[in-house]
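The values are calculated or read from the model by the stated rules, or taken from the named source; none is laboratory data. In this text the structure is predicted, and so the values were computed from the model without any measurement. Cβ coordinates were reconstructed from backbone atoms using ideal geometry, including for glycine residues, and neighbour counts include every protein chain displayed.
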Amino acid sequence: MSTILISGANRGIGFELARQFGADGWTVLGTARDPSTAGELEALTGATVLPLDVNRSNSIDALCGALDGRPIDVLIANAGIAFNLEAKPAEVTREDFLKVIETNTFAPLALAAALKPNLLAGRLKIATAMSSLMSSIGANDWGTQYTYRASKTGLNAVWSTLAREWRADGIICTLLRPGLVATRMTNFNGLAVETSVAGMKNVIARLTIADSGRIIGYDGTDVPW
Ligand SMILES: NC(=O)c1ccc[n+]([C@@H]2O[C@H](COP(=O)([O-])OP(=O)(O)OC[C@H]3O[C@@H](n4cnc5c(N)ncnc54)[C@H](OP(=O)(O)O)[C@@H]3O)[C@@H](O)[C@H]2O)c1
């Protein structure tokens, strides 16, 4: 049986990933910043809930301690934030900017680095992170979202670099694009989360080392850099 670890699995896309992989018989390790918000995760998906605040090094260390030596086939660095998406340049604050970069850009790298031994012990050796069309410089033809865009473009840079460095270890590092999905992050506008996740699951099922370094949408298409 394969094992998947999903960060930020207590709601939104992470929850639905846990639900669908769990329904397929995977062992699901779902993290939650506050496990008291993850009652449904445990009850409805059968996931094992593990506490994790991706912005706290001691929390990542504790997760690694709890998972010591345990193989992980697939990592989904899903936890992320977005706020003040419509802020004009002068309204973007240093505090907001750094918080979003910390969560969306640095934390996935820190998590992947910490879990590398578990990925190496896994059979599938797949490390994914949640990118976005907003990461694309080439496809940005309407502006807005300075902070969120920067965080996801930075994530692309981080993950594509991991892909190159970890290729020799056989670890597939691929960025996923869920599409615009109806979750709390989008005020519940967009695609049904079930549709997005079913698509990303198909993408993950087909990944090979040749896909390492790509950004692949839920619909199987590449996102331009
Ligand atoms: N929805 C979309 O249209 C869309 C599009 C492209 C990419 N994405 C990306 O997909 C991922 C999931 O988004 P979503 O729509 O499911 O968002 P969401 O419903 O807002 O859920 C975000 C999840 O991330 C967790 N999280 C945030 N900060 C955290 C931290 N410091 N430590 C641990 N967990 C933390 C949240 O936990 P709490 O409950 O504790 O806050 C929650 O579980 C994000 O990376 C997002 O950028 C979403």
Those residues of region 88-113 which are part of a helix (DSSP H, G or I) and of a type in the set (Lys, Arg), in sequence order
Arg94, Lys99
Conditions (1) within 15 Å of the chain's Cα centre (by Cα); (2) in a loop (DSSP other than H, G, I, E, B); (3) of a type in the set (Gly, Ala, Ser): number failed by Ser196:
(2)
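Going by what's in this entry, would Arg184 be described as touching a helix residue (DSSP H, G or I) at 6+ places or on another chain (Cβ under 9 Å), modelled with pLDDT of 95 or more and under 22 Å from Val100 (Cα atoms)?
Details: touching a helix residue (DSSP H, G or I) at 6+ places or on another chain (Cβ under 9 Å): yes; modelled with pLDDT of 95 or more: yes; under 22 Å from Val100 (Cα atoms): yes.
Yes.
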Can you tell me how many residues within region 76-85 are modelled with pLDDT under 95 and either away from the ligand (no atom under 16 Å from the Cβ) or farther than 10 Å from Thr147 by Cα (or both)?
0
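Per-residue answers, yes or no, for (1) free of Cβ contacts under 8 Å to residues at least 40 places away in the same chain; (2) within 8 Å of the ligand (Cβ to nearest atom); (3) within 21 Å of Pro71 (Cα to Cα); (4) surrounded by fewer than 18 Cβ atoms within 10 Å (Cβ to Cβ):
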{"residue": "Ala112", "(1), (2), (3), (4)": "no, no, yes, no"}
{"residue": "Arg123", "(1), (2), (3), (4)": "no, no, yes, yes"}
{"residue": "Ser132", "(1), (2), (3), (4)": "no, yes, no, no"}
{"residue": "Ala139", "(1), (2), (3), (4)": "no, no, no, yes"}
{"residue": "Tyr146", "(1), (2), (3), (4)": "no, no, no, no"}
{"residue": "Arg164", "(1), (2), (3), (4)": "no, no, no, yes"}
{"residue": "Gly190", "(1), (2), (3), (4)": "yes, yes, no, yes"}
Examine region 201-221 for a residue that is assigned to a helix (DSSP H, G or I), on the phi < 0 side of the Ramachandran plot and touching an Asp or Glu at 6+ places or on another chain (Cβ under 7 Å), and state whether such a residue exists.
no
How about region 1-44: which of its residues are near the ligand (Cβ under 10 Å from one of its atoms) and at positive phi?
Gly8, Gly12
Residue list for region 22-73, restricted to those being over 19 Å from the mean Cα position of the chain (by Cα), touching a residue at least 40 places away in the same chain (Cβ under 8 Å) and buried (at least 16 other Cβ atoms within 10 Å of the Cβ)
Arg70
Can you tell me how many residues within region 134-182 are in a helix (DSSP H, G or I), over 14 Å from the mean Cα position of the chain (by Cα), closer than 28 Å to Asn84 by Cβ and among the hydrophobic types (A, V, I, L, M, F, W, C)?
3
With the requirement that a residue be assigned to a loop (DSSP other than H, G, I, E, B) and either in contact with a helix residue (DSSP H, G or I) (Cβ under 6 Å, 6 or more places away or on another chain) or closer than 19 Å to Gly213 by Cβ (or both), what does region 123-133 give you?
Leu124, Lys125, Ser131, Ser132
